[in-house]
Amino acid sequence: MVKVTYIEHDGKEHEIDGDDGLTVMEVAVKNSVPGIDADCGGACACATCHVYVDPSFSEKVGAPNDMEDSMLDFASDRRENSRLSCQIKLDAELEGLVVRLPKFQG
């Protein structure tokens, strides 16, 4: 299990344990975290699971691949630490991961 903290744009936190191998998006959807719509179901074909990765985890999470990078161009308020949560798989290295949700997804 990996603990992930989702922080809504208004500061409300959701601390959830997710299984190794699941994505940050899958854990959010299974636990009804507001702001993660995941309209495409995790196929990297939309940007409705957009999150901002806490800078302390940027290196561990890594950079988006080319397909994700293209999808992020459709995200409102893209930032340097923007990622699609469907593309971040949980493992022990990500224990304590913190992601923030954009205002437009709230």
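The values are calculated or read from the model by the stated rules, or taken from the named source; none is laboratory data. Keep in mind it's a predicted model, so treat the numbers as computed, not measured. Cβ sites come from the backbone with ideal geometry, for glycine too, and all protein chains shown count toward neighbours. Keep in mind that these areas ignore ligands, DNA and RNA; they rest on the heavy atoms of the full protein, side chains included. Shrake-Rupley method; radii C 1.70, N 1.55, O 1.52, S 1.80 Å.
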Using a ≥ b ≥ c from the Cα gyration tensor of the stretch 38-106 (square roots of the eigenvalues), is it rounded, prolate or oblate, where a/c under 1.5 gives rounded and otherwise the larger of a/b and b/c decides, a/b for prolate? prolate
Grab the beta carbon distance between residue 92 and residue 9, set R0 = 25 Å, and tell me the FRET efficiency rounded to 0.05. 0.30
So if we plug the beta-carbon distance of residue 59 and residue 32 into 1/(1 + (r/R0)^6) with R0 = 35 Å, what FRET efficiency do we get, rounded to 0.05? 0.70
Partner aspartates and glutamates for residue 103 [C-alpha distance under 15 Å; skip if fewer than 8 residues away on the same chain]: 8, 10, 13, 37, 77
Using only Cα atoms, locate the centre of the stretch 1-26 and the centre of the stretch 31-106, then give the distance between them in Å, rounded to an integer. 11 Å
If packing is taken as the mean number of other Cβ atoms within 10 Å per residue, what is the order of 5-14, 73-82, highest first? 5-14, 73-82
Taking the chain and a Cβ-Cβ threshold of 4.7 Å, the cysteines left without a partner are 44, 49, 86
So, with a 1.4 angstrom probe, what is the percent of accessible area on the chain that is carbon and sulfur? 45 percent
Counting only protein heavy atoms and rolling a 1.4 Å probe, one gets per residue an accessible area for the chain in Å² of 53 Å²
